[in-house]
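Please treat every number below as a calculation from the coordinates, not as lab data. In this text, all values refer to a predicted model and were calculated from it rather than measured experimentally. We place every Cβ from the backbone using ideal geometry, glycine too, and count neighbours over all the protein chains shown.
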Amino acid sequence: MNIGIIDYGMGNLKSVSNALKYIGAAGFISSDIKELAKADKLILPGVGAFCDAISLIREKKIDNFLNEIHEKNVPLLGICLGMQLLFDSSNEFGEHKGLGLLNGDIVKFETDLKIPHMGWNELLIKKPEPLFKDLPEKSYVYFVHSYHLQTDADIVSATTIYDKEIQISAQQKNTFALQFHPEKSGDIGLQILKNFKEL
């Protein structure tokens, strides 16, 4: 089982790669679509601004590749900014069109609490998606973000509370989206990545 980590120029590639090694998963980092096409599963990580990331993805033609992957139902996991890119749009520094693989929009936090939302929050599971298999009750995961998902689509698999309830995870067939960082979420995050490996 080979997991490709997509390098489009903005991502926490090393920490994701190290986490995969820790759970015994064979992973590789690449920006070459031909190489990535050989992977059994794919991870789209990301750290930084949505507008810069989506520009790089389009420039490298990775958007077309991800559309094909989604259509073929190849397992795809978006993490943090990588998760946000999977949706229709973001209003970070203007209005920007996303990949549109999942229905929903990325919007700025409207709260008096500290932004970015940074730290550990409870994972409130709404649907028994395969990534959450064997997680203990009251599982906590690690976040760093200033924008969050807002969707009416029946794809939300988990939320958390940060002043209000926010949507932090979604699934449609074999496309998975996580706002938090599983690679930085200790044993809980490693179990989630293990579940992705074992899909």
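Go through L190, L178, L149 for me and flag whichever is under 15 Å from V107 (Cβ atoms) and in contact with a helix residue (DSSP H, G or I) (Cβ under 8 Å, 6 or more places away or on another chain).
L149
For the stretch 160-174, which positions are assigned to a strand (DSSP E or B), surrounded by fewer than 21 Cβ atoms within 10 Å (Cβ to Cβ) and touching a Leu at 6+ places or on another chain (Cβ under 6 Å)?
Those that are assigned to a strand (DSSP E or B), surrounded by fewer than 21 Cβ atoms within 10 Å (Cβ to Cβ) and touching a Leu at 6+ places or on another chain (Cβ under 6 Å): Q167, Q172.
Kindly provide the set of residues from the stretch 176-191 that are buried (at least 21 other Cβ atoms within 10 Å of the Cβ) and either over 13 Å from Y22 (Cβ atoms) or touching a Lys or Arg at 6+ places or on another chain (Cβ under 8 Å) (or both), ordered by number.
F176, A177, L178, Q179, F180, H181
Please enumerate the residues belonging to the stretch 72-83 that are in contact with a Leu (Cβ under 7 Å, 6 or more places away or on another chain) and in a helix (DSSP H, G or I).
Result: G82, M83.
For the subset of the stretch 97-142 comprising residues that are small (G, A, S) and buried (at least 17 other Cβ atoms within 10 Å of the Cβ), which member is farthest from the chain's Cα centre (by Cα)?
S139
Scan the stretch 109-119 residue by residue and report those that are assigned to a strand (DSSP E or B) and touching a residue at least 40 places away in the same chain (Cβ under 8 Å).
H117
Within the stretch 182-198, is there a residue that is assigned to a strand (DSSP E or B), under 15 Å from the mean Cα position of the chain (by Cα) and of a type outside the set (A, V, I, L, M, F, W, C)?
No, that holds for no residue.
Determine the pairs where a residue that is of a type in the set (K, R), located within the stretch 27-49, has a partner that is outside any loop (DSSP other than H, G, I, E, B) and surrounded by fewer than 14 Cβ atoms within 10 Å (Cβ to Cβ) with Cβ atoms under 8 Å apart, the partner being 6 or more residues away or on another chain.
K38/N2; K41/N2
For the subset of the stretch 55-71 comprising residues that are farther than 22 Å from F93 by Cα and out of contact with any helix residue (DSSP H, G or I) (no Cβ under 9 Å at 6 or more places or on another chain), which member is surrounded by the fewest Cβ atoms within 10 Å (Cβ to Cβ)?
E71
Being small (G, A, S) and surrounded by 17 or more Cβ atoms within 10 Å (Cβ to Cβ) is the filter; apply it to the stretch 143-158 and report the residue that is nearest to E122 (Cα to Cα).
It comes out as A158.
Starting from residues that are part of a loop (DSSP other than H, G, I, E, B) and polar (S, T, N, Q), keep the ones in the stretch 1-54 and report whichever is nearest to F180 (Cα to Cα).
Ranking the qualifying residues of the stretch 1-54, first place goes to N12.
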